[in-house]
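Data first, discussion second: the structure below is written as structure tokens.
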Amino acid sequence: MDELSYKPNLIEAEAQSWWTKNQSFKALETSDREKFYCLCMFPYPSGRLHMGHVRNYTIGDVVSRYQRMKGKNVMQPMGWDAFGLPAEGAAIKHGLAPSEWTRENIAYMRSQLQRLGFAYDWDRELATCDKDYYHWEQWFFTRLFKQGIAYKKLAVVNWDPVDQTVLANEQVIDGKGWRSGAEVERREIPQWFLRITDYAPELLEKLDDLDWPESVKTMQKNWIGKSEGLEINFSVKDSPQVLTVYTTRPDTLLGVSYMAVSAEHPLAKAAAENNSKLEFFIEESKKNSVSEAIIETIEKEGMSLGINAIHPITGNEVPIWVANFVLAGYGTGAIMAVPAHDQRDFEFANKYGLPINQVIVPFDESQICDLDSEAFISKGILINSGKYNGLDFSSAFDQIAEDLELEGKAIRKINYRLRDWLISRQRYWGTPIPIIETHDGEIKAVKDEDLPVQLPENVELDGSGSPLNHISDFLEISDSETGERLKRETDTFDTFMESSWYYARFCCPDSHTAMLDNRASYWLPVDLYIGGVEHAILHLLYARFFHKLLRDNGLVVSDEPFKKLLTQGMVLKDGGKMSKSLGNTVDPEELIQQYGADTVRLFIMFASPPEQSLEWSDEGVKGSFRFLNRLWDRVITHISEGQVRGINLSEENLGNRQKEFRRQIHKTIEKVSDDIGRRYTFNTAIAAVMELVNYTSRYKTKDSIDRELVQEALENAVLLLSPIVPHICHQLWFLLGNTNAVIEENWPTSDSNVTTAESVTIVIQVNGKLRAKIIFPAGANRELIESTAASDGKVKKFINGKKIKKTIFVEDKLVNFVI
RNA sequence: GCCCGGGUGGCGAAAUUGGUAGACGCAACGGACUUAAAAUCCGUUGACCUUAUGGUCGUGCGGGUUCAAGUCCCGCCCCGGGCACCA
């Protein structure tokens, strides 16, 4: 074995112990440099790292190390999103307590992260299942409870009648419980909510200020779903009840031909009492999952309730139906149906032979309106609408709203699609909700001095019922002062609660006297947040909401938690998502053992830009390993020819060939700095360094100036690659004769005098087709270029004596003759 | 069903502001080195036509705008993500 060959395992251990010994990644608030908080979405400790983790954390590490070299005071922390459903499943399967399973996983995955050489400040590590963490979440919740932001109401859940437990949507497979196989029912139970809808306007408006991908901002905007409409009350015939609906299209009000309510609606319940067919239909509808994706794709079915609503304008009777696609938790749980101008209402009306009343016509004939085949959903001019005929959308909206408001039959309303956040879960492995119930049913927050409410950890799970309900020590307590018998809330928090504020706790994870202290004001907001695009809506919206709650309670000073967001794509293998069930996973650990962490990091950053999905390739990994070997050999060969130092590379000392080499070096610095610093396109940054290394390898060294140029090229290649492959660069930097570690070096800057090209290639087109390329001195004037181009043999041939109608000229780029 | 992305050689991709399509890498093929293989190094590599110079076509499909379209507009097809209890 060659003493001088590339041995990744050896040099990676050496580099890592150097960083540890020098506490290179410890982040302090006392620095006078500008702060940079770089955060990757923390992992759920599922057992082992997968490639998605490696990709996510490598991106964060590259940016952190780059920003550090740019002189920033960088904090990059890591922790564990440790509560969640899989731990309960694993506990049942392996007979292990969820806490034990989780903590073993954390220990193993921590060692895997360390082996990858990520620049984390491990002193800030936290796990959400630690009582020091959830203590403050409970403390904050009791404030929200007292402020009325947390409240209780009925909500629909998936209920497994055999296991007597609530199921997650994921646990419902083809309408059956995943363990019991029993047909799942929808059931209404009391649940805790947070009033996120109170913050809907701000959550919407502040999106504009964020440096986030437009697609994510659009998704959040649509999710919040602001609409302006009318809430209209229909009276019910022969009944004191009122049927309230919300519509954004009051201009179509005269086209209403039926009403539809959800299976949970009071009118449906009442009508079913003396109608067994209806009762059966409603029971069947309730067997559908609560998942919107499922409800929206099932066969649309309905049944008449046998009662009528009274149209608020015409006074006509309109039949009321129950329909399986009307969502109980959305709007008023009831709709007015206008089949002529809504596609879903149209299909339902056709299926059940309900009337289709056209009340809108297009503005002009260019629009197609064929009510035999589909609804006409565009806005237009009103017809068949009595005194409103001839009005357009906005005047019809105003007129109808005004008239109905006068009669007290409607109010204008801004509505949001966003619903309040359901935060309680009927599960064991989560943060206990710090609420107690007195014997007379009063609900009270647990007092500060009694926090945290600790989750009992040594429990046995069997998959049925609620475990906390069976632990009497937990469930039944007595008041420390009065001795009154009290009962604890046994629900736990949605795990999105923990992930909604961990980014803030990383600023001061050791604070025992407060949830957050002024260190949070120093570090927040997060400068760059990186994670999977699958979190584009829920996690990122909840975290934004929680941040505003923290702000309104004086705990943080910023309005938004994440200044810039980078959403990484998925890691695929053979075109599909890597998953255990498909058996196409690649274990990062095996690859690290075989090639070292740097090779894995390099491949994963080179294979595609971060936002795109990444196709895994074992051959590609080998290619990355080959490149690192070439780079290593190149440096070894260079230094074995002896040290070069202090030779003046200023322009007057260089020949043309040397000037061009130096130009390549500085063009590479310029490109890589832009790719990493601005564009986040690490793949093209790596390609640029590869080109420089290839150029250097081909470059024949004839004198000491050449050797100094090779030194400059290799040093810069090492500096530019050091955020991506930090271990090999740590070693190569010393080998190149430097005494400081590369991590302590500044990011290189390119010299614009060197990068300015003396000549440019101008593309010559005839009618937009490439016909010639001619080299001109940079900045050559238009006349010269055009006359030279026109007399070029090939160009002449294509102009072929025809008249030039027009000449397009783009400086330093192209000439296009239009003939 | 609704919302948001994506589709470029045999493969991963590049083309940053409408201006040279395919940088860089993988695979493949040919050559050098070697007893041989591996490794390494050098070369070729979008398709078709052509002896060659060269030419024609080509960025999911069909239209359009423009001197010029992978890039902009309209209509489709396919794939992926999310849809509120997976994280």
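Simple spin-label model, 7 Å along Cα-to-Cβ: A:Ser752 to A:Glu476 in nm?
8.0
For A:Leu305, list long-range residues whose amide hydrogen, built 1.01 Å from N in the peptide plane, is under 5 Å from its own amide hydrogen.
A:Ile320, A:Trp321, A:Val322
Taking amide H positions as placed 1.01 Å from N in the peptide plane, with prolines and chain starts having none, which residues 5 or more places from A:Ala772, or on another chain, fall under 5 Å of its amide H?
Amide H to amide H, under 5 Å and 5 or more residues apart or across chains, A:Ala772 pairs with A:Ile764.
If you take the C-alpha gyration tensor of the range A:35-119, multiply each eigenvalue by 5 and take the square root, what semi-axes do you get, largest first, in whole Å? List each step's numbers first, then the result.
Numbers: eigenvalues 185, 25, 18 Å².
That gives 30, 11, 10 Å for the three semi-axes.
At 7 Å along Cα-to-Cβ for each site, give me the label-to-label distance between A:Lys146 and A:Ile411 in nm.
Distance between label points: 3.1 nm.
What are the residues whose amide H is under 5 Å from the amide H of A:Tyr699, where those residues sit 5 or more places off or on another chain and H is modelled from the backbone?
Amide H to amide H, under 5 Å and 5 or more residues apart or across chains, A:Tyr699 pairs with nothing.
In whole Hz and in residue order, list the ³J(HN,Hα) couplings for the range A:615-631 that follow from phi through the Karplus curve 6.51 cos²θ - 1.76 cosθ + 1.60, θ = phi - 60°; x for Gly and Pro.
Result, rounded to whole Hz: 8, 6, 8, 5, 5, x, 5, 4, x, 5, 4, 4, 4, 5, 5, 4, 4.
Leaving out ligands, DNA and RNA, what percent of the accessible area of the range A:139-242 is carbon and sulfur, probe 1.4 Å? Before the final figure, lay out each step's value.
Numbers: 2500 of 5240 Å².
It is 48 percent, rounded to a whole number.
Over chain A, with the other protein chains present, what is the accessible area per residue in square angstrom, probe 1.4 angstrom? Before the final figure, lay out each step's value.
Details: 36850 Å² over 819 residues.
Accessible area per residue, chain A: 45 Å².
At 1.4 Å probe size, with the rest of the protein present, what percent of the exposed accessible area of the range A:390-480 is carbon and sulfur atoms? Provide the component values of the computation, followed by the final result.
Working: 2050 of 4630 Å².
Carbon plus sulfur share of accessible area: 44 percent.
Cα gyration tensor of the range A:223-357, axes a ≥ b ≥ c as square roots of the eigenvalues: rounded (a/c below 1.5), prolate (a/b > b/c) or oblate?
Numbers: a/c = 1.41, a/b = 1.10, b/c = 1.28.
Because its axes are fairly even, with a/c under 1.5, the range A:223-357 counts as rounded.
Taking A:Lys286 as the anchor, which aspartates and glutamates have their alpha carbon closer than 17 Å to its alpha carbon, excluding any fewer than eight residues away along the same chain?
The qualifying aspartates and glutamates are A:Asp160, A:Asp174, A:Glu183, A:Glu185, A:Glu188, A:Glu264, A:Glu273, A:Glu296, A:Glu299, A:Glu301.
Out of the trypsin sites (Lys or Arg not before Pro) in the range A:181-253, which ones are loop residues according to DSSP with at most 16 other C-beta atoms within 10 Å? If you can, show how the numbers build up before the last one.
Values: sites: A:Arg186, A:Arg187, A:Arg195, A:Lys206, A:Lys217, A:Lys221, A:Lys226, A:Lys237; in loops: A:Arg195, A:Lys237.
Those that pass, being in a loop and sparsely packed, are A:Lys237.
Kindly flag which residue pairs out of A:Lys671/A:Lys702; A:Lys176/A:Lys351; A:Lys93/A:Lys580; A:Lys72/A:Lys563; A:Lys152/A:Lys487; A:Lys206/A:Lys413 have an alpha-carbon separation exceeding 19 Å in this structure. Don't jump to the answer; show the numbers that get you there.
Details: A:Lys671/A:Lys702 28 Å; A:Lys176/A:Lys351 28 Å; A:Lys93/A:Lys580 17 Å; A:Lys72/A:Lys563 16 Å; A:Lys152/A:Lys487 17 Å; A:Lys206/A:Lys413 22 Å.
A:Lys671/A:Lys702; A:Lys176/A:Lys351; A:Lys206/A:Lys413, as the Cα separations exceed 19 Å there.
Given a 1.4 angstrom probe, I'd like the percentage of the accessible area of the range A:493-648 that is carbon and sulfur, rounded to a whole number.
Details: 3020 of 5970 Å².
For the range A:493-648, the apolar C and S fraction of the accessible surface comes to 51 percent.
Please identify every one of the GluC sites (Glu not before Pro) in the range A:286-367 that sits in a loop by DSSP and has no more than 13 other beta carbons within 10 Å of its own beta carbon. Numbers along the way, then the final one.
Numbers: sites: A:Glu292, A:Glu296, A:Glu299, A:Glu301, A:Glu317, A:Glu347, A:Glu365; in loops: A:Glu299, A:Glu301, A:Glu365.
Filter output for the range A:286-367: A:Glu299, A:Glu365.
Where in the range A:435-458 does the amide nitrogen come within less than 20 Å of the point 7 Å from the Cα of A:Arg485, taken along Cα to Cβ?
A:435-444
Counting other C-beta atoms within 10 Å, and keeping those with at most 15, which DSSP coil GluC sites (Glu not before Pro) do you find in the range A:727-796? If you can, show how the numbers build up before the last one.
Working: sites: A:Glu744, A:Glu745, A:Glu758, A:Glu783, A:Glu786; in loops: A:Glu745, A:Glu758.
In loop regions of the range A:727-796 (DSSP not H, G, I, E or B), the sparsely surrounded GluC sites (Glu not before Pro) are A:Glu758.
In whole angstrom, how far apart do the alpha carbon centroids of the range A:349-364 and the range A:167-218 sit?
Each part reduced to its Cα centre gives a spacing of 34 Å.
Set the bar at 28 Å for Cα to Cα. Now go through A:Lys131/A:Lys287; A:Lys300/A:Lys379; A:Lys221/A:Lys409; A:Lys221/A:Lys387 and name every pair that lies beyond it. Walk me through the numbers on the way to the answer.
Values: A:Lys131/A:Lys287 39 Å; A:Lys300/A:Lys379 25 Å; A:Lys221/A:Lys409 30 Å; A:Lys221/A:Lys387 36 Å.
Cα-Cα > 28 Å for A:Lys131/A:Lys287; A:Lys221/A:Lys409; A:Lys221/A:Lys387; rest within.
Output the Cα-based Rg and Dmax of chain A in Å, rounding Rg to one decimal and Dmax to a whole number.
33.6, 107
By how many nm would the segment from A:Ser17 to A:Glu652 grow when fully extended, if each residue of separation counts as 0.36 nm and the alpha-carbon distance is taken off? Could the numbers behind the result be given before it?
Details: separation 635, 0.36 × 635 = 228.60 nm, distance 4.45 nm.
Contour length minus the Cα-Cα distance gives 224.1 nm.
Can you give the FRET efficiency to the nearest 0.05 for A:Glu296 and A:Ser521, using r as the Cβ-Cβ distance and R₀ = 45 Å? All intermediate terms of the calculation are to be shown ahead of the outcome.
On the way: r = 44 Å, r/R0 = 0.97.
According to the calculation, E is roughly 0.55.
Can you compute 3J(HN,Hα) from phi for each residue in the range A:644-656, using the Karplus curve 6.51 cos²θ - 1.76 cosθ + 1.60 with θ = phi - 60°, rounded to whole Hz and x for Gly and Pro?
10, 7, x, 8, 6, 9, 5, 3, 5, 8, 9, x, 4
How many nm separate the modelled label positions at A:Asp123 and A:Asn738, each set 7 Å beyond the Cα in the direction of the Cβ?
2.6
Give me the distance between the Cα centres of the range A:259-297 and the range A:587-611, rounded to whole Å.
52
Whole-Hz Karplus ³J(HN,Hα) for the range A:720-727, in order, using 6.51 cos²θ - 1.76 cosθ + 1.60 and θ = phi - 60°, x for Gly and Pro?
My calculation for the range A:720-727 gives 5, 8, 4, x, 8, 10, x, 6 Hz in order.
Could you work out how far the C-alpha centroid of the range A:728-801 sits from that of the range A:422-494, in angstrom?
Measuring centre to centre over Cα atoms gives 70 Å.
Just subtract the alpha-carbon distance of A:Lys7 and A:Asn222 from 0.36 nm times their residue separation and send over the number in nm, one decimal.
Separation in residues times 0.36 nm, less the Cα-Cα distance, equals 72.2 nm.
The values are calculated or read from the model by the stated rules, or taken from the named source; none is laboratory data. Predicted, not measured: the structure shown is a model, and the values here were computed from it. Using ideal geometry, Cβ is built from the backbone for each residue, glycine included, and neighbour counts are taken over all protein chains shown. In case anyone asks, the SASA skips ligands and DNA or RNA and just uses the protein heavy atoms, side chains included. Shrake-Rupley method; radii C 1.70, N 1.55, O 1.52, S 1.80 Å.
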